[in-house]
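Just so it is clear, none of the values below were taken in a lab; they were calculated from the coordinates. Quick caveat: nothing in here was measured; it's all calculated off a predicted structure. Note: ideal-geometry Cβ built from the backbone for every residue, glycine included; neighbour counts use all protein chains shown.
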Amino acid sequence: MRSRFVVPVVLAILLALLQFQLWTGRGSVPETSALERKLAVQKEANAKAQAANERLTSEVKDLQEGMEMVEERARQELGMVKPNEVLVQIAK
């Protein structure tokens, strides 16, 4: 009769240990939830930083290429010349 209750008791103890590990141990449900929240916050921060980097890259590109475009337009529309340059216009 005694051996009849040993197996269910051992199985119940093992189940209790597994449940304890699930709720309090490493990789537990609360710890996993906290890590998922941290991950979401970090992904949002990364997205904001990526957008800022793209904006700054665009501004740098505009500054590098923009002045050439402005100078070219000023030369064509306003007849701008640099020092020691000679402007020759050909009428069509």
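With a Cα-only, solvent-free Debye model of the range 21-70, what are the log10 I(q)/I(0) values at q = 0.17 Å⁻¹?
-0.65
HN-Hα J couplings of the range 26-35 from phi, Karplus 6.51/-1.76/1.60, θ = phi - 60°, integer Hz, Gly and Pro as x?
Per residue, the Karplus-derived 3J(HN,Hα) values read 5, x, 6, 4, x, 5, 5, 4, 5, 5 Hz.
So, in nm, how far is label Glu71 from label Asn53 when the simple model puts each one 7 Å beyond its Cα toward the Cβ?
My value for the distance between the label points is 3.1 nm.
Give me a comma-separated list of calculated 3J(HN,Hα) values for the range 50-63, in order, Karplus coefficients 6.51, -1.76, 1.60 applied at θ = phi - 60°, integers in Hz, x for any Gly or Pro.
3J(HN,Hα) across the range 50-63, in whole Hz: 5, 5, 5, 4, 5, 5, 5, 4, 5, 5, 4, 4, 4, 5.
Which entry in [x] 112, 24, 22; [y] 40, 22, 19; [z] 117, 23, 16 matches Cα extents along the principal axes in Å derived from the coordinates of this structure?
Here the calculated entry is [z].
With +1 assigned to the C-beta of every Lys and Arg and -1 to the C-beta of every Asp and Glu, and no other charges, what is the dipole magnitude of the range 2-78 about the Cα centre in debye, to the nearest 20? Don't skip to the end; give the middle numbers.
Numbers: 11 positive and 11 negative charges, 250 e Å.
My answer is approximately 1200 debye.
Per DSSP H run of n ≥ 4, the term is -39500 (n - 2.57); total these for the chain, divide by its residue number, and report the mean residue ellipticity at 222 nm rounded to 500 deg cm²/dmol. Intermediate results must be reported in sequence, preceding the final value.
On the way: 2 runs with 73 residues, N = 92.
That calculation yields -29000 deg cm²/dmol at 222 nm.
Sketch the reach of a paramagnetic label on Leu78 as a point 7 Å from Cα along Cα-to-Cβ, and name the residues of the range 35-71 whose backbone nitrogen lies under 14 Å away.
Flagged as within label range: 67-71.
Could you give the length gained on full extension between Leu11 and Glu85, defined as 0.36 nm per residue of separation minus the Cα-Cα distance, in nm? Display every interim value, and only then the final one.
Values: separation 74, 0.36 × 74 = 26.64 nm, distance 9.56 nm.
Difference between extended and current length: 17.1 nm.
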